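Below is one structure, written out as structure tokens; the observations come after it.
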Amino acid sequence: MASVPREHFVPPELMDRAYADLPLPIPRQQTISQPYIVALMTWEAGLNRKSRVLEVGTGTGYHTAVLAKIALHVWTIERLSDLSTSAGRRLKELRVENVTLLEGDGALGHSAAAPYDAIVVTAASPSAPQPLLAQLADDGRLVIPVGDRAEQMLRIYQRTAHEIREWTAGPCRFVPLVSPAAFDTEV
Ligand code: SAH
């Protein structure tokens, strides 16, 4: 994380807080996640140099850049086209090359590149969307904030040969995953 310049991802007027351990507002009423939560989610994803990762909720591209430092390749999906475009520009400026940017409803995953060793959802959902569980590789992990709009628990679902193992990593607060499969509206 120390090698990803967070000041590159926060709005210019909030630059002085780029290294505070806080979420910050970004355009379109979304947020750049708190560094601690980015670290926790990335840890729970259990990545290595060979990992193929799907991120749902590109936002600024900050978490994308952190994932790309560790993993082999990151596919990242964003529903708001303007956010995806600026994230792509930032990642290009930082020469982060092992990333594929996609636009659309990430609750459906991206079956074309499945299965994934990890799927990291950076928006809140009432439950783990079935298409995402279905796109996990053996031993793959889905990391997702599950709860209501106000607060969630960070949940991890790991596909094993016989079952899905589940555990909780702690409380968190994310903007909603907007999808017929999650929350219908932004507010
Ligand atoms: N990981 C980001 C923070 C993302 S905030 C960062 O580090 O900056 C959550 C993002 O999820 C928002 O940009 C929001 O537009 C996006 N989002 C919400 N619902 C989505 C969906 N169904 N598919 C893809 N992206 C979605």
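Given R₀ = 25 Å, what would the calculated FRET efficiency be for residue 162 paired with residue 70, taking r from the Cβ atoms and rounding to 0.05? The formula returns an efficiency of 0.35 here. For the residues 163, 97, 78, a GNM of the chain with alpha-carbon springs under 10 Å puts the largest fluctuation on 163.
The H on the amide N of residue 100, modeled in the peptide plane, is under 5 Å from the matching H of 74, 75, 76, each at least 5 residues off or on a different chain.
To the nearest ten degrees, helix 35-44 and the longest principal axis of the Cα atoms of the chain are 30 degrees apart. Relative contact order for segment 104-147: 48 percent, from Cα pairs under 8 Å spaced at least 6 residues apart, divided by residue count.
Amide H contacts of residue 119 (H built 1.01 Å from N, in plane; Pro and chain starts excluded): 54, 141, 142, 143 sit under 5 Å, all sequence-distant by 5 or more or on other chains. Name the most mobile residue of 52, 173, 95, meaning the one with the largest mean-square fluctuation, in a Gaussian network model of the chain with Cα contacts below 10 Å. Of 52, 173, 95, the Gaussian network model singles out 95 as fluctuating most. Toward the positive end of the charge dipole of the chain, with +1 on the Cβ of Lys and Arg and -1 on the Cβ of Asp and Glu, the farthest Cα among 110, 153, 47 is that of 47.
For the chain, set up a Gaussian network in which alpha carbons nearer than 10 Å are linked by springs, and say which option among 54, 80, 133 fluctuates the most. Of the options given, 80 has the highest mean-square fluctuation.
Simple point charges give the picture: +1 on the Cβ of Lys and Arg, -1 on the Cβ of Asp and Glu, and for the chain a dipole about the Cα centre of about 420 debye.
Placing unit charges on the Cβ atoms only, positive for Lys and Arg and negative for Asp and Glu, gives segment 92-175 a dipole magnitude near 160 debye about its Cα centre.
Only the coordinates and a few stated rules stand behind these numbers; no lab work does. Here the structure is a predicted model, which is why all the values come from computation and not from measurement. So basically every Cβ, Gly included, is an ideal-geometry build from the backbone, and we count neighbours across all protein chains shown.
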